[in-house]
1. How long is the gain from Thr236 to Asn84 if the chain were fully straight, where each residue apart is worth 0.36 nm and the alpha carbon distance is subtracted?
2. Would you work out if region 15-154 is rounded, prolate or oblate? Take a ≥ b ≥ c from the square roots of the eigenvalues of the alpha-carbon gyration tensor; rounded if a/c is under 1.5, else prolate when a/b is larger than b/c, oblate otherwise.
3. Less than 19 Å apart at the alpha-carbon level, and either on another chain or at least 8 residues along: which aspartates and glutamates does that give for Lys276?
4. How many angstrom lie between the C-alpha centres of region 226-245 and region 357-427?
5. Largest first, please: the extent of the C-alpha atoms of region 67-341 along each principal axis, to the nearest Å.
6. Just to verify a number: FRET efficiency for Asp342 and Ala92, C-beta to C-beta distance, R0 = 35 Å, to 0.05?
7. Residue separation times 0.36 nm, minus the C-alpha to C-alpha distance between Gln271 and Thr76: what's the value?
8. By count of other Cβ within 10 Å, fewest leading, how are Ser121, Ser305 ordered?
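Values in this text are rule-based calculations from the coordinates and carry no lab data. None of the values given here were measured: they were computed from a predicted structure. All Cβ positions, glycine included, derive from the backbone under ideal geometry; neighbour counts span all protein chains shown.
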Amino acid sequence: SIQALRQLDTQSHLHAYTNAQAHAEQGPLVVVRGHGVEVEDDQGRRYIEGMSGLWCASLGFSHPRLAEAGAQALRTLPYYHTFNHRSNPAVAQLAAKLLALAPVPMARVFFANSGSEANDSAVKMVWYHFNALGQPGKKKIIARQRGYHGVTVASASLTGLPGNHADFDLPLPRMLHVDCPHHWRNALPGESEEAFATRLADALDARIQAEGPDTVAAFIAEPVMGAGGVIVPPATYFEKIQAVLKKHDVLLIADEVICGFGRTGAMWGSQTFGLKPDILTCAKALSSGYVPISAVMVNERIHASLMANSGRLGTFGHGYTYSGHPVACAVALETLQVYEDDHILDRVQALSPRFLAALRHFGERAVVGEARGVGLIGALELAPDKSGKTAFPPAAKAGPRLAQLALEEGLVVRAMGDTIALCPPLIITEAELDELFARLGRAFDRFEAEVAT
Ligand code: PLP
């Protein structure tokens, strides 16, 4: 029965990122099926999934072509590994396909299972690279406050969000953080976006000089910060940052785990924002979230080091049991084919103005400080005014409250603190998008009425 299932979950399942006490009171939201942009819970209630789950189900739920590709792969070769020269048809094709799609020339693709693992792998590649070059002191990796790169020990160290470090004795040594490019919150009074970007690039330059350029190996960035609050960088930010990186021979890792595969209106966030990464990590929409898979693309420079067999094993000693898993690769291949066949990039570009206009409209509400977005990813940052200097009292839990009201209206959004994120499936229709915002509007009406009392 539904009740027994919920009890099983509460008594047995250690949930990710879930407050245990609130969970015990509230119980789980048990999702039993999904179709198109909707998911359905165990009570038969249906919700528009305004977040594509965790920013990943780009083709919505239960896409028949992906189901068939997975089933076919399970019947043919359900598992094989890729250590010691082993391969399978799907992994070879997927690697070639990703290289063809890459935003800059890339030489090889390595596969893992999650965004965290992809970023962890990228860190090891960077360290291996500078060891191979005889520069073992060049190891520091610079990330940004509010960046999110995952939860494994190295990736959590790169993550710059509260809650990911102190309890775990992180970050690891050699993992540093610089300022987040959130103009609305962090600009000085009267500072233009351009001047703000210059200040951040100058600060990065000063930090690298202070650390010693021969100790700094790489800089990691999401083109648009996702979990940090959908922070869309100022137009000139990455151009200026990359000039600094180039000056000090610091590699760029683009974390495309959210932005990759059309989310920002181009295939890669790197294309939308002009990044030219040495290493690119991706996951999530690579398989529309249907199976765990992530990838790390490396350029020829990194690839040459990895192939130099300079490691103590005489090889790059890194890989996962499920690297290049044939079922995951088959589903990913089919996902990329559907993006192409259904002209998903064109759809995002066509829908984006409607999406951004609706966000801007919400931005006029008294309880919204800033509305921002690009492509089909956006956020509404709740605040009592539009100054960028005020916030609702933390105890009010404004963001979670709004997300709860949205859920009651049949819409899943994500509250990151007081920022409400939207990242709908890329297959959403205009009518579904309008319905999404209608439901969000009702949630905001109720929220505003509560704030007023
Ligand atoms: N990088 C980014 C930008 C992410 O948004 C995430 C997850 O949300 C990760 C890395 C970590 O991915 P995973 O949860 O698959 O380990």
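1. Additional length available on full extension: 50.3 nm.
2. oblate
3. Asp205, Glu222, Glu239, Asp249, Asp255, Glu256, Glu300
4. 21 Å
5. 61, 43, 38
6. It comes out at approximately 0.90.
7. 66.5 nm
8. Working: Ser121 27, Ser305 20.
The fewest-first ordering by Cβ neighbours comes to Ser305, Ser121.
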